[in-house]
Amino acid sequence: MKRRDFITNTTAASTLIGLGGLSLSSCSNLGKKQITILHTNDVHSHIDTFPSSHSKFPNLGGIARRATLVEQIRNENPNTLLFDAGDIFQGTPYFNFYGGELEFKLMSKLKYDASTIGNHDFDNGINGLLAQMPHATFEMISANYDFSNTVMDGYVKPYKIYMVDGVKIGVYGLGIELDGLVTKKLYKETKYLNPYEIALDTEKQLKEEEQCDLIVCLSHLGYDYKNPERPCDTRLAQQTYHTDLIIGGHTHTFLDKPDVRTNQNGNSVLVNQVGCFGINLGRIDFYFDTDKNASANGVSITV
């Protein structure tokens, strides 16, 4: 993209951030092509809608309602991708009884395109994760987990490229450090690589070698931490050069609208996370003109 103008809004508020003085009203006229990216994170095996008596999320969530919403959006715009930022497993008896099989089968029914791997996705061990892979029709993406000495070798890709309506979209994944979060015997010989270094290498490859028009990171690092030494999405965004959107997880952060950070090239990067348990569905609409200049409109939808 030669220019990135990002508009982020919710039903309650909107924010205009642009390098070229793009007006809010001109958004509909800018793009000849619209790419919609939908996303979830930290669903944690929540299949059913929360009961009406629930103290925090009464009558919210549920994969059936998410499926209906996703179908409506796909009917509105067939050029739609659906991603998850990890921690698919652990949180309800569904996982205890079925070990992740139901979660993967339902995500496949919803036609997820890809997910990255969260720390809780190792809760039945790396062999338990492998056992569920036949039920996943979507890609499992992680660039900074090295599985070469494990049974998961060959089942996880560092990135995936999607061609949608002539727009080339590169998607890569990043996972949190497992040591201290996950027992060693569960992740075994999985190697954790520095996410910042891997992100810079991967986005450069996607931009310069693969010639991607849009670059997305599926991150399970966490949104933001007080400790500056701990990798997180906000600092990742500021260190990158080519990443346009970071879809986050792990910290269960409910953002009212996508956060906008500035990267090393002085361009805007969207950082979004939609809480947990399937309560919300994130939606980012990218609009491309004939020169592949882009704007983006972001919203969090309550399911």
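The values are calculated or read from the model by the stated rules, or taken from the named source; none is laboratory data. Since this is a predicted model, take the numbers as computed values, not measurements. No Cβ is skipped: glycine too gets one built from the backbone with ideal geometry, and neighbour counts run over all protein chains shown.
A few points about this structure:
- Residue within region 135-152 that is outside any strand (DSSP E or B) and on the phi > 0 side of the Ramachandran plot present: no
Conditions (1) over 13 Å from Ile117 (Cβ atoms); (2) not hydrophobic (A, V, I, L, M, F, W, C), marked per residue:
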position: Thr183; (1), (2): yes, yes
position: Leu186; (1), (2): no, no
position: Ile198; (1), (2): yes, no
position: Leu206; (1), (2): yes, no
position: Glu209; (1), (2): yes, yes
position: Leu221; (1), (2): no, no
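- In region 112-130, residue surrounded by the fewest Cβ atoms within 10 Å (Cβ to Cβ) [restricted to those that are in contact (Cβ under 8 Å) with a residue 40 or more places away in the chain and more than 15 Å from Lys185 (Cα to Cα)]: Asp113
- Here region 83-111 is the region considered, the condition is being without any contact (Cβ under 8 Å) to a residue 60 or more places away in the chain and charged (D, E, K, R), and the residue that is farthest from Arg66 (Cα to Cα) is Glu101.
- Odd one out for Lys160, checked against (1) charged (D, E, K, R); (2) more than 30 Å from Asp291 (Cα to Cα); (3) at pLDDT 95 or above; (4) not in a helix (DSSP H, G or I): (2)
- Residues in region 213-256 that are among the β-branched types (Val, Ile, Thr), without any contact (Cβ under 8 Å) to a residue 40 or more places away in the chain and outside any loop (DSSP other than H, G, I, E, B): Thr234, Ile246.
Residues checked against (1) more than 24 Å from Ile35 (Cα to Cα); (2) modelled with pLDDT of 95 or more; (3) β-branched (Val, Ile, Thr):
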| residue | (1), (2), (3) |
| --- | --- |
| Leu110 | no, yes, no |
| Asp113 | no, yes, no |
| Thr116 | no, yes, yes |
| Asn119 | yes, yes, no |
| Phe122 | yes, yes, no |
| Gly128 | yes, yes, no |
| His135 | yes, yes, no |
| Ile141 | no, yes, yes |
| Tyr145 | yes, yes, no |
